[in-house]
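Following: one structure in structure tokens, then a few remarks.
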Amino acid sequence: MDQQEEEASVSVSVSVPSSLPPEEEEEEEEQEEEEDDMGAVKMALGPQVPLKDLLHLHKGEEEEQEDESLRRWKEQLLGPDALHTTNLLALALGAETVEPEVTILNLTILAPGRPDLVLPIPFVPDDKGHAFALKDGTAYSFRFSFTVSNNIVSGLKYSHTVWKTRVKVENQKVMLGTFSPQQEPYTYKAEEDSTPSGIFARGSYSARLKFVDDDGKVYLDMKYSFEIRKDWPA
């Protein structure tokens, strides 16, 4: 009798329906399915990365993006010829020490009624040691040609000092400006001036021409002599 009651009890316990309403029962099943899905997603994440390494990786990606943006900005700033005149590889790698290069190509003397006198730099003196000769009391001007490469040159300027018998008779300083690299030479034309006139103005002069930038880098420091005559040289 006890065995029959036990069997009946078992069968009753198995067939007892859930005490939850159908809606709550469905919600419970959905929650269980979501938990199972979340567990599956967690299992698919793979090995966890330490927070320190994750931050370092993220920082490295940001630095790469910043380097690329900086490289593009420098290419745009340096001009369309930057690929030919600038060390872009060094700039892209962050080598901020890339120095600009300025080469003074020539000096041209311009005088009314006279052909242009182009003097390559450094000057080649004549038999008397003079780089050129000018006529006294004559209007003239001069023009420089120079190239810029590697990087931007900031605050390029030149100074021109002239002596006669060790007495300083001229001291000129001119700011040219800031220039980006390019293949074509830059030119600068000075304002028109005139040579001194009279017998005491004629003779030999010594001069010093110097080009320097805002950082104090010297691109040309040249001493030379010239002559002022009564007439133009033949």
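The values are calculated or read from the model by the stated rules, or taken from the named source; none is laboratory data. Bear in mind that the values here come from a model prediction, so they are computed numbers and not experimental data. Cβ sites come from the backbone with ideal geometry, for glycine too, and all protein chains shown count toward neighbours. Heads up: the accessible areas ignore ligands, DNA and RNA and are worked out on the full protein's heavy atoms, side chains in. Shrake-Rupley method; radii C 1.70, N 1.55, O 1.52, S 1.80 Å.
Counting 0.36 nm for each residue step from Tyr188 to Asp215 and taking away their Cα separation leaves a gain of 7.6 nm.
Could you sort Lys164, Lys189 by their accessible area in this structure, using a 1.4 Å probe and putting the largest first? Provide the component values of the computation, followed by the final result.
On the way: Lys164 40, Lys189 125 Å².
Correct descending sequence by accessible area is Lys189, Lys164.
Calculated accessible area for the stretch 109-234 comes out at 58 Å² per residue, all protein chains present (probe 1.4 Å; ligands, DNA, RNA ignored). Ligands, DNA and RNA left out, the accessible area of the stretch 191-234 computed with a 1.4 Å probe is 47% carbon and sulfur.
Computing Rg and the Kirkwood Rh from the Cα coordinates of the stretch 146-234 gives a ratio, Rg/Rh, of 1.06. Ordering Tyr158, Gln172, Phe144 by Cα displacement along the dipole of the stretch 135-176 toward the positive end leaves Gln172 in first place; charges were set at the Cβ atoms of Lys, Arg (+1) and Asp, Glu (-1).
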